[in-house]
Amino acid sequence: MNAKSTCIIVTCFSENQPGFLDFSYRLQALAKYYQVTILSQDKLTQTELMIEGADYVALGRKSGKLGWLRYLYQCASYIRNQQPSLAVLLHSGASPISLMVGKIPTCLYWNEHPTNLMHVVKGFSPVRNTLARMTQALVFCGARCADLIMPIGEDHHEDLVRYGVDTAKIKMIYMGVADNFMSQHTQTEALQNKPLHLMYIGTVSQTRGRDVMLNAMAILANESIVSEKNYSLKLTIVGASKPELVFCQQRIKELNIAEFVSVNGRVSGHEIPQHLAQADVGICLWEQNQWNEFNPPTKLFEYLVAGVPVLGSNIRTHTRYIQNWQNGLIFDYDAASLAEAILQLCRHYERLPAMKNQAVISGRQYMWSKTEPVFLSAIQGLIIHKLSKKYR
């Protein structure tokens, strides 16, 4: 790739975007070979997104679907005016831009299912639901028009094919996890007489299993077997917004589990490895709904690379990657099932070192050092393909 070539990257972050590392990896990789310009709605200030030598353009944010469409049109206009060598649409929600930029090569990062971008609500709401389905269809239409589509998981890949995306244009590439995650947790330490340290890192909300975790710890705190067997437990939750932090602290007080649970606010992605270095087990909980059946959580792969076995709720974006008593355990999405899974880990404490080693082994394929060359090779292949078509 030509170091003097230009690349315009379109971001599409929500106002309360919880994580940026997967985007950061791709921005840094592209900046090695291109002069990059990064478009956004709001001014980007997150340390993970500060790329040396990059140009940043904030176009402003308007609310609602019309605000989203306005932003996409502004981005497409900017790309057409600048005529870059490549446009990278760094979010599924940016896909309609590929319909508006002519012959400029477009690469689409497919990280969210359209049903999560525009929700169809239950009950009688014909206008709202018609608009939601229309915008979902628009996002899939943009995917069909893009020159290269990079879904983050197998289920996204299969779904794109079902919606008519040319398989020749699809290159599945995992989100990736920085290598410094792996160095934190490769030892096989003796666990006797140590608390079983459970860790949840990510968005804290009711739909992400907040209440399931807290209620499970309340069950365990009152389980006679825990006191009888002298099991020691600790759950650390990292990533709560200020309102969620207040809610969790109040709920912990009501459940009388302050001895067992601590909750922390949001942290930079660069701080996550040091938190995982303290964990024995990582928790992934997702409510069963359509979009969660497609979007594997970033934290799952970060846990594995860090050598942290995963307690995952029973949804295919967890079960595809987690095998019971190998690199984790699967439980049903309710407090009693999570409590029972934790109790099983307490009863079989001696199996944790082997599970940690297996987590490291299964996590190797998700490391960004392995993913980056595949990502850049796909980009280079797109450019070569477009140039060959241009000069035929």
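The values are calculated or read from the model by the stated rules, or taken from the named source; none is laboratory data. Note that the structure is a prediction, hence the values are computed from the model and not measured. Every residue, glycine as well, gets a Cβ built from its backbone with ideal geometry; the counts of neighbours run over all protein chains shown.
List every residue pair whose Cβ atoms sit under 6 Å apart, with the two residues 6 or more apart in sequence or on different chains, where the first one lies in the range 251-273 and is touching a residue at least 60 places away in the same chain (Cβ under 8 Å) and the second, anywhere, is of a type in the set (S, T, Y).
S268/T47
From the list S77, S63, which residue is modelled with pLDDT under 95 and surrounded by fewer than 18 Cβ atoms within 10 Å (Cβ to Cβ)? Don't jump to the end; show me each part of the working.
Numbers: S77 fails: modelled with pLDDT under 95.
S63 is the lone residue from the list that is modelled with pLDDT under 95 and surrounded by fewer than 18 Cβ atoms within 10 Å (Cβ to Cβ).
What is the number of the single condition among (1) modelled with pLDDT under 95; (2) in contact with a Leu (Cβ under 6 Å, 6 or more places away or on another chain) that A3 does not meet?
For A3, the exception is condition (2).
Which of the numbered conditions does V120 fail, given that it passes all the others? Conditions: (1) aliphatic (A, V, I, L, M); (2) within 28 Å of P297 (Cβ to Cβ); (3) buried (at least 19 other Cβ atoms within 10 Å of the Cβ).
So V120 meets the others, but not (3).
Looking only at the range 104-132, which residues are in a loop (DSSP other than H, G, I, E, B) and out of contact with any helix residue (DSSP H, G or I) (no Cβ under 7 Å at 6 or more places or on another chain)?
From the range 104-132, those in a loop (DSSP other than H, G, I, E, B) are 104-105, 111-113, 118-125; that's our starting set.
Passing the criteria: K122, G123, F124, S125.
I'd like the full set of residues that are part of a helix (DSSP H, G or I) and modelled with pLDDT under 90, limited to the range 375-392.
I383, I384, H385, K386, L387, S388, K389, K390
A quick yes/no check of all residues on (1) under 15 Å from M175 (Cβ atoms); (2) of a type in the set (F, W, Y):
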site: C284; (1), (2): yes, no
site: Q290; (1), (2): no, no
site: L311; (1), (2): no, no
site: W325; (1), (2): no, yes
site: D332; (1), (2): no, no
site: A336; (1), (2): no, no
site: A339; (1), (2): no, no
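So, L382, is that one more than 20 Å from L300 (Cβ to Cβ) and outside the structural domain of K194 (by TED's automatic domain parsing) or not?
Judged against the criteria, L382 is a match.
Within the range 136-168, track down each residue that is closer than 24 Å to G19 by Cβ, of a type outside the set (D, E, K, R) and assigned to a helix (DSSP H, G or I).
Q136, V139, G142, A143, H156, H157, L160
Just to be sure before I move on: is E340 without any contact (Cβ under 8 Å) to a residue 24 or more places away in the chain and either over 21 Å from the mean Cα position of the chain (by Cα) or not in a helix (DSSP H, G or I) (or both) in the structure I sent?
So E340 fits the description; yes.
Check the range 92-103 and report whether any residue there is within 24 Å of L27 (Cβ to Cβ), at pLDDT 95 or above, assigned to a loop (DSSP other than H, G, I, E, B) and assigned by TED's automatic domain parsing to the domain that holds I384.
Yes, the range 92-103 has at least one match.
Can you pull out the helices (runs of 4 or more DSSP H) entirely within the range 209-262 that have at least 2 residues that are surrounded by 13 or more Cβ atoms within 10 Å (Cβ to Cβ) and at pLDDT below 95?
210-221
Say whether the condition of being buried (at least 18 other Cβ atoms within 10 Å of the Cβ) and under 14 Å from the mean Cα position of the chain (by Cα) is met by at least one residue in the range 25-35.
For the range 25-35, residues buried (at least 18 other Cβ atoms within 10 Å of the Cβ) and under 14 Å from the mean Cα position of the chain (by Cα): present.
Has the range 134-157 got any residue that is closer than 22 Å to L300 by Cβ and acidic (D, E)?
Yes - at least one qualifying residue is present in the range 134-157.
So which of I283, I315, I272 ends up being surrounded by 15 or more Cβ atoms within 10 Å (Cβ to Cβ), among the hydrophobic types (A, V, I, L, M, F, W, C), under 16 Å from the mean Cα position of the chain (by Cα) and more than 23 Å from A336 (Cβ to Cβ)? If you could, list the steps in order and put the result at the bottom.
Numbers: I283 fails: more than 23 Å from A336 (Cβ to Cβ); I315 fails: more than 23 Å from A336 (Cβ to Cβ).
That would be I272, the only listed residue that is surrounded by 15 or more Cβ atoms within 10 Å (Cβ to Cβ), among the hydrophobic types (A, V, I, L, M, F, W, C), under 16 Å from the mean Cα position of the chain (by Cα) and more than 23 Å from A336 (Cβ to Cβ).
Among the residues of the range 80-90 satisfying the criterion of being part of a loop (DSSP other than H, G, I, E, B) and in contact with a Phe, Trp or Tyr (Cβ under 9 Å, 6 or more places away or on another chain), which is surrounded by the fewest Cβ atoms within 10 Å (Cβ to Cβ)?
Top of the filtered list is S85.
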